[in-house]
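Student: Handing you this structure, nothing more for now.
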Amino acid sequence: MKFAFMKHHSHLFTIERMSRVFKVSRSGYYSYTKGKISKRARENAQLLEAIKTAYEESRGIYGSPRIHATLILQGISCSRHRVAKLMRAHRIVAKMQKRFKVKSKGNAGVSDGCKMIQISG
């Protein structure tokens, strides 16, 4: 975000001054402008594809703990928190199963005395 601002306003201010104001390194800015993708970003992209595959295989039911367990079984090494962070960033969420809710009350309009008669009689 800071680097994008610096690139957009580089014609108004010097890179040295903006890097001092935003408290970022100039080398970080120049590596940003070259556009090289970092090793971590490439790993995250590969991991995200594996997460999406596992999520689709589970029909959207699995959350980050189960997705992480699936990835470990496939031999992909990563932490549960990293999986959760990537899922959160890309809005991949598990479907919540609705709890069972009783819709009818059986003999709701009948008093207790009548119920005893119905059972015994």
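The values are calculated or read from the model by the stated rules, or taken from the named source; none is laboratory data. Owing to the predicted nature of the structure, the values given are computational and were not obtained by experimental measurement. Cβ atoms come from the backbone with ideal geometry, glycine included; neighbour counts cover every protein chain shown.
Student: Inspect all residues belonging to region 95-110 and state whether any of them is charged (D, E, K, R) and assigned to a helix (DSSP H, G or I).
Tutor: no
Student: If you go through region 7-27 one residue at a time, how many are in a helix (DSSP H, G or I) and surrounded by 12 or more Cβ atoms within 10 Å (Cβ to Cβ)?
Tutor: 6
Student: Of all residues being among the charged types (D, E, K, R) and farther than 24 Å from Ala69 by Cβ in region 27-41, which is nearest to the chain's Cα centre (by Cα)? Just the residue, please.
Tutor: Lys39
Student: Another one. Does any residue in region 26-52 that is in the same structural domain as Ala84 (by TED's automatic domain parsing) and closer than 17 Å to Arg82 by Cβ come within less than 7 Å, Cβ to Cβ, of a residue that is in a helix (DSSP H, G or I) and at pLDDT 85 or above six or more places away or on a different chain, and which pairs are these?
Tutor: Every condition considered, the pairs that remain are Asn44/Leu86; Leu47/Leu86; Leu48/Leu86; Ala50/Leu71; Ile51/Ile67; Ile51/Val83; Ile51/Leu86; Ile51/Met87.
Student: Return only the number of the condition from (1) modelled with pLDDT under 90; (2) not in a loop (DSSP other than H, G, I, E, B) that Tyr62 does not satisfy.
Tutor: Tyr62 satisfies every listed condition except (2).
Student: If Ser77 satisfies every condition in (1) of a type in the set (S, T, N, Q); (2) over 19 Å from Arg42 (Cα atoms); (3) in a loop (DSSP other than H, G, I, E, B) but one, which is the exception?
Tutor: (2) is the only condition that Ser77 fails.
Student: Checking Ile72 against (1) in contact with a Cys (Cβ under 7 Å, 6 or more places away or on another chain); (2) over 30 Å from Phe3 (Cβ atoms); (3) not charged (D, E, K, R): exactly one of these is not met. Which one?
Tutor: So Ile72 meets the others, but not (1).
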